[in-house]
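Inspection log for the structure reproduced underneath, given as structure tokens.
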Amino acid sequence: MNIILVPPSDKEFEEAVDYYNDQMPGLGGQFYDAFLNTVSYRAVHNRTYIC
């Protein structure tokens, strides 16, 4: 399984996690986990997934 998060997406993702944590503590972590679960699922079923 290969997961590649290109630098512009990585920065935007980190900002989104911070935003959700500012809205409600812990929400950013839930968003992070949901994102990784989704990307991992896609990577397993598509071999390589680039976002």
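Per-residue packing, averaged as other Cβ atoms within 10 Å, sorts the ranges 8-15, 25-32 into the order 25-32, 8-15, beginning with the highest.
For region 2-50, with only Lys/Arg (+1) and Asp/Glu (-1) charged at the beta-carbon, what is the dipole magnitude about the Cα centre, in debye rounded to 20? The dipole magnitude comes to about 360 debye. Considering only alpha-carbon pairs that sit under 8 angstrom and 6 or more positions apart, the relative contact order computed for region 2-50 is 50 percent.
Along region 7-13 the Karplus relation, 6.51 cos²θ - 1.76 cosθ + 1.60 evaluated at θ = phi - 60°, assigns HN-Hα couplings of x, x, 5, 4, 5, 5, 4 Hz to successive residues, with x for each Gly and Pro. If R0 equals 25 Å, the separation of the Cβ atoms of residue 38 and residue 15 corresponds to a calculated FRET efficiency of about 0.85.
Read the figures in this text as sums done on the coordinates, not as results from a lab. The shown structure was predicted, so the numbers you read here are calculated from the model rather than taken from an experiment. We place every Cβ from the backbone using ideal geometry, glycine too, and count neighbours over all the protein chains shown.
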